[in-house]
1. Consider region A:17-61. How many of its residues are assigned to a strand (DSSP E or B), over 15 Å from the mean Cα position of the chain (by Cα) and either closer than 23 Å to residue A:175 by Cβ or more than 9 Å from DNA strand B (Cβ to nearest atom) (or both)?
2. Report, by residue number, each residue of region A:175-188 that is out of contact with any helix residue (DSSP H, G or I) (no Cβ under 7 Å at 6 or more places or on another chain) and either assigned to a helix (DSSP H, G or I) or at pLDDT 95 or above (or both).
3. For region A:62-74, indicate whether the set of residues that are touching a residue at least 40 places away in the same chain (Cβ under 8 Å) and either within 14 Å of DNA strand B (Cβ to nearest atom) or surrounded by 14 or more Cβ atoms within 10 Å (Cβ to Cβ) (or both) is non-empty.
DNA sequence: ATTTTCAAT
């Protein structure tokens with residue numbers, strides 16, 4: 001009997017959801033977070049597809065029911081009970097960068113989770129709350145790699161987290177000024193992480 | 001017009 005590869009049951013994001021939420025041209029009032037986990041073994045990394053998925057924040061008119069995407073993600077990571085004797089690399093692609101409170105929670109997590117390396121790629125910088133710069137610096141100082149998504153990450157997410165229905169080879173459509181916007185944001189982030197004022 | 005910012009008039 002042949003035991004073929006199990007069919008992928010993992011849900012994918014629809015194309016419009018991805019474009020609406022990750023584009024530089026929009027400022028949606030919600031946040032999507034795509035994540036994946038690799039097991040690090042020596043020089044190699046092994047993708048753990050069972051931990052590859054996406055989520056979004058919980059939005060509600062009731063303030064106590066709201067939850068930022070990062071906190072949902074932290075709960076989800078805790079539920080995995082990753083082996084503390086092993087080493088993992090967790091990569092997040094998030095449409096808005098973490099707010100100061102979420103950055104704090106991520107920092108706490110990193111302090112308690114020496115077996116996890118965290119990389120965060122953000123599509124846009126979320127600057128609604130004062131202190132967002134300090135939050136991003138704290139995350140960086142706690143060992144997280146914080147970077148803006150470039151064309152490469154947008155395209156990677158498009159290929160890996162988005163449902164292309166029939167057309168598997170549909171290429172990432174991009175949007176106006178993606179590369180320029182991404183570079184601008186990367187420079188701003190670099191300034192923030194170096195504690196420079198604009 | 002460089003600001004649609006993880007809900008609120």
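The values are calculated or read from the model by the stated rules, or taken from the named source; none is laboratory data. Please read all numbers here as calculations on a predicted model, not as lab measurements. When we count neighbours, we look across all protein chains shown, and the Cβ atoms used for this are built from the backbone with ideal geometry, even at glycine.
1. The number of residues fulfilling the criteria is 10.
2. So in region A:175-188, the residues out of contact with any helix residue (DSSP H, G or I) (no Cβ under 7 Å at 6 or more places or on another chain) come out as A:175-177, A:180-181, A:183-188.
A:180, A:181, A:183, A:184, A:185, A:186, A:187, A:188 - these are the residues of region A:175-188 that are out of contact with any helix residue (DSSP H, G or I) (no Cβ under 7 Å at 6 or more places or on another chain) and either assigned to a helix (DSSP H, G or I) or at pLDDT 95 or above (or both).
3. Restricting attention to region A:62-74, the residues satisfying the condition of being touching a residue at least 40 places away in the same chain (Cβ under 8 Å) are A:73.
The next check asks that each one be either within 14 Å of DNA strand B (Cβ to nearest atom) or surrounded by 14 or more Cβ atoms within 10 Å (Cβ to Cβ) (or both); those that pass are A:73.
Yes: one or more hits.
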